[in-house]
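Below: one structure, written as structure tokens.
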Amino acid sequence: MSDFKIFFKIVRAYKKIILIYVGVFMIMSVVMSMVNNDSSSAKSFAQKKLEIGVVDQDHSDYGKVFHNYFKKEHHLKQLSYDKEQIEEDMYWHALDYVIVIPKGFTDKMEKGDLKNTQISTIKNPGSVESQFFESELTMFNQKLTALTQTGETVGQAGNIMEDLKKEKTNVVPATFVNADRANKMGDFAQYVPYLFISVAVLVIGMILLTINQKEIKDRVECSSEPMKKRTMGILLGTVVSGVVVFLAAFLVLMILGGTKAFSDIRMPFYMVNMLCMLFFSLSLGFLAGNVTKGMDGLNGFVNVAGLGLCFLGGIFVPQEFFGKTISNVARFVPTYWYVKNNDMIGSMAKTSPAFYKDFAMNSGLILLFAIAVFAVTLVISQAKRRTK
Amino acid sequence: MNGLYQIKIRLRQKDSMFWALLFPLFLGTLFYFMFRNIASAELFQRIPVGLVNTQENEAFGETMKLVEDDDGVNLFKVKKYDTMQDALKALKKKKIRGIIDEKKDCELTVVDSKTDVSIIKTYIDQYKQNEKLIMSVAQKDPQSVGKFVEAIGEKTKSISLKNIELKGQDKDVYAQYFFALLGFVCMVFCSFGSDVASGIQADASSLGARRSVAPTSKLHQILTDFTANYLISCVVSAIVVAFCTLLLKIDFGNNIPLILLAVFIGNFVGMAAGLIIGVYVKGDQKKKSGANVVFFLTSSFLGGLQWGDITYVLEKHCPVINRINPATLIVNSFKSLAVFGNLQKYWINVGSLFLIGILMIGVSVVKLRRAKYVGL
């Protein structure tokens with residue numbers, strides 16, 4: 001019990017910095033979940049609207065047809081050709097794509113002078129969405145050209161194309177998809193491992209570094225209290241402080257879920273998944289406190305463990321983008337299985353035996369990682385003691 | 001002489017040196033293997049699509065199989081299913097990205113609305129529009145249908161697009177993560193700055209207490225300690241830059257002197273921030289170290305290390321953060337060089353960084369020089 005009390009005495013001594021840690025990582029997770037929430041829900045199919053700049057030097061029908069055709073799908077901005085300003089806007093993603101319609105373009109197009117008919121474009125470097133818009137533009141031009149070649153003017157072709165736009169594909173969600181798939185709960189839960197791992201490593205590591213200081217350790221070692229009891233006291237302190245952080249994260253999850261959160265079928269599964277990740281994070285914090293020698297080491301450990309595990313597990317970058325090699329390596333980190341569970345929970349409309357089986361297997365794997373890290377920590381700690 | 005001792009002290013702190021080097025090399029290698037595949041995954045992977053009730057419109061499925069992207073690679077991997085239930089099972093297992101039901105006018109069943117789903121939807125829209133267009137041309141003038149179909153399906157017979165290139169070289173959107181990594185490396189050196197402050201203040205360390213009674217001026221002590229640690233930080237970050245550019249072949253703008261200049265000024269600002277933390281945060285080393293962690297992680301987060309688009313979101317809602325956050329300024333100076341080839345922007349970013357560093361040093365020195373201790 002005395003070690004349990006000591007644990008919380010140290011927590012009290014560093015309460016300000018601990019609160020700052022929890023606050024900062026919590027804010028980061030909330031910000032990422034709020035802003036990154038792309039409402040990628042099947043409930044309402046929404047194509048991302050791009051910022052398209054239009055430099056119309058022609059001031060004729062092509063520009064008007066272009067505007068009418070794309071105005072509902074994208075945000076169109078009329079610009080004058082100022083390359084520096086365009087680059088500046090692209091630099092800050094205020095523009096995704098720019099189209100320059102040269103003077104006399106409509107006339108040339110109607111005359112079928114395609115060899116001398118060219119549109120200049122500026123793409124945002126490396127943006128997949130810009131490339132996607134370019135293919136939309138190419139298809140638009142193909143239809144418009146084909147129509148003008150049958151004798152229609154650009155204006156008339158534009159009217160026909162406007163009419164054609166009514167031919168839209170009906171997009172529906174699959175029956176197994178939860179209608180609230182894209183609510184912020186799932187997004188926040190996605191970033192929880194970063195919060196748990198960082199806070200656990202920094203806080204538990206800092207406390208263990210204090211307890212493991214030479215003078216304190218030497219004093220404790222010669223006390224009559226058995227090693228097992230001392231370890232249990234510290235472990236209990238670790239679990240209690242971990243549960244406090246978990247409750248804070250769970251409260252935020254409930255707030256983000258709104259009133260629906262209480263009746264949401266997915267809530268208990270989010271909770272279990274987060275608890276599994278908490279136990280792994282606490283084990284990692286325990287390891288950090290035992291293997292690092294000072295705060296510099298602890299800071300390094302939190303960077304490698306926190307950012308490394310989150311990138312590799314698919315928390316910051318979606319798992320579907322992983323190549324085969326990275327995907328195979330990622331299976332050896334618990335965050336990978338956490339994200340698998342989180343995705344499964346997010347899109348679940350009702351439970352099924354297959355869901356229970358997969359969920360239990362993924363959660364079990366996370367817990368196995370937690371046990372393995374904890375066992376390694378105990379071995380290291382014992383070995384250190386024996387060497388001494 | 002004091003500077004030499006400082007270098008020796010720093011080099012003997014193996015723990016801090018090890019992590020300062022290990023982290024960027026580890027994360028850089030991880031980024032390299034992760035993002036090397038992402039570009040190809042996004043652009044060139046065939047999108048798996050399921051078709052049901054195919055007897056309704058056999059031409060649709062056959063045409064879909066033939067669709068190619070700009071590089072002549074088939075865009076869709078089409079699979080026919082006998083029943084909707086089978087197709088739904090495949091969709092659930094992520095074997096396909098959408099189901100097209102030809103009986104229901106090509107209704108598309110999906111799980112989300114990511115880019116590949118948008119591509120499927122756009123293809124169906126275009127197919128239906130072209131079909132309607134051809135029918136209407138056939139009704140008006142049956143003789144011109146052949147020419148019309150040829151024109152509508154051939155890119156070469158349409159208006160050509162001429163892309164105006166930007167001056168920079170690196171158009172890989174994921175290069176941003178490497179820029180942010182270097183920004184992070186610079187900010188991590190705030191712990192060096194914090195140590196410099198602790199080594200000078202009499203109430204922060206026993207070394208500080210000893211040195212406060214020495215005849216050497218405070219300014220001299222700060223300058224030599226800071227310079228010695230700064231030199232080491234420059235060597236460490238130069239190794240990281242060499243690793244990224246020579247081994248991982250990341251393009252930071254192909255201008256090594258300017259890349260190094262940005263990194264070295266970044267180190268200067270990182271250390272200056274650490275100096276402020278060391279001077280103004282009272283308490284033991286753990287508290288100062290905690291404040292350092294909060295600083296470098298927050299700055300790197302705002303600079304886009306965890307999520308690259310954050311700078312664009314900030315630019316819309318709170319642009320001032322992008323102008324003063326050191327990690328963002330470092331990222332943007334690389335972006336100016338590598339992506340936009342804009343030297344003016346580079347100098348604005350680097351200049352702002354330098355000014356922020358000078359301001360931080362000034363604030364710290366004023367506080368340190370005025371420090372008087374009644375008792376310790």
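Values in this text are rule-based calculations from the coordinates and carry no lab data. Note that the coordinates shown come from a computational prediction; the quantities given were computed from them, not determined experimentally. Positions of Cβ are generated from backbone atoms using ideal geometry, with glycine treated the same way; all protein chains shown enter the neighbour counts.
Tabulated values for the structure
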read-out	value
10 Å Cβ neighbours from other chains, averaged over peptide A:285-296	3
Nonlocal amide H pairs with B:Ile47, under 5 Å, H built at 1.01 Å	B:Phe76, B:Lys77
Surrounding net charge for B:Thr29, when Lys and Arg each add one and Asp and Glu each subtract one, Cβ distance under 13 Å	+2
Folded to 0 to 90 degrees: helix A:334-346 orientation relative to chain A principal axis, Cα	60
Computed [θ] at 222 nm, helices only, for the protein assembly as shown once each DSSP H run of length n ≥ 4 contributes -39500 (n - 2.57)	-21500 deg cm²/dmol
Under 5 Å, built H, 5+ apart or other chain: amide partners of B:Asn342	B:Leu337
Inter-label distance for A:His75 and B:Ser136, nm, one decimal - labels placed 7 Å from Cα along Cα-to-Cβ	3.2
For chain A, with +1 on Lys and Arg beta carbons and -1 on Asp and Glu, the positive-most of A:Tyr69, A:Gln149, A:Gly258 along the dipole	A:Gly258
Note, ³J(HN,Hα) from phi for region A:299-316, Karplus 6.51, -1.76, 1.60, rounded to Hz, x at Gly and Pro	4, x, 4, 5, 5, 5, 6, x, 6, x, 5, 6, 5, 5, x, x, 7, 8
Cα shape, the protein assembly as shown, gyration tensor, a/c 1.5 rule	oblate
Exercise: per-residue mean of other protein chain Cβ atoms within 10 Å, B:118-128	5
Over region A:139-247, equivalent-ellipsoid semi-axes from the Cα gyration tensor in Å	71, 17, 8
Fraction in percent of alpha-carbon pairs per bin - 5 Å, region B:212-330	2, 9, 14, 17, 20, 16, 10, 6, 3, 1, 0
When chain A is reduced to its Cα atoms, the Kirkwood hydrodynamic radius in Å	25.1
Entries of B:Lys103/B:Lys132; B:Lys77/B:Lys121; A:Lys111/A:Lys166; A:Lys71/A:Lys111; A:Lys340/B:Lys95 with Cα pairs more than 22 Å apart	A:Lys111/A:Lys166; A:Lys71/A:Lys111
Listed peptides B:265-274, A:348-357 by packing density, highest first (mean Cβ within 10 Å)	B:265-274, A:348-357
Averaged over B:13-26, number of beta-carbon atoms from partner chains that fall within 10 Å	4
Positive-end extreme of charge dipole, region B:176-278 - chosen from B:Ser206, B:Gln176, B:Val241 (charges on Cβ)	B:Ser206
Those aspartates and glutamates that a straight Cα-Cα span of less than 18 Å connects to B:Lys286, excepting residues fewer than 8 apart in one chain	A:Glu215, A:Asp296, B:Asp15, B:Asp195, B:Asp203
Backbone HN-Hα couplings from phi across region B:338-344 [Karplus 6.51/-1.76/1.60, Hz, Gly and Pro as x]	7, 8, 9, x, 10, 5, 4
Inter-centroid distance (Cα atoms) of region A:186-229 relative to region A:311-361, Å	28
Net dipole in debye of the protein assembly as shown [+1 Lys, Arg Cβ; -1 Asp, Glu Cβ; about Cα centre; nearest 20]	3960
Sequence-distant residues sharing a close amide H with B:Lys80 (under 5 Å, placed H)	B:Leu51
Helix axis angle, B:14-44 relative to chain B longest principal axis, alpha carbon, degrees	10
Rounded tilt (10° steps) of A:267-291 against the dominant C-alpha axis of chain A	60
Eligible lysines near B:Lys218 by straight Cα distance, threshold 23 Å, same-chain separation 8 or greater	B:Lys8, B:Lys282, B:Lys288, B:Lys367, B:Lys372
J(HN,Hα) series, region A:356-365, from Karplus relation 6.51 cos²θ - 1.76 cosθ + 1.60, nearest Hz, glycine and proline x	4, 5, 5, 4, 5, 5, 5, 5, x, 5
Cβ-placed point charges (K, R +1; D, E -1), dipole of chain B about Cα centre in debye, nearest 20	1900
Straight-distance crosslink candidates among aspartates and glutamates, where the alpha carbon sits under 19 Å from A:Lys324 and sequence neighbours closer than 8 are dropped	B:Glu42
Cα centroid of region B:287-336 to Cα centroid of region B:15-33, whole Å	20
Segment A:Ile265-A:Ile380, extension gain: residue separation times 0.36 nm, minus the distance between their alpha carbons	37.2 nm
Sorted peptide list for B:129-135, B:296-302, criterion being average Cβ within 10 angstrom, highest first	B:296-302, B:129-135
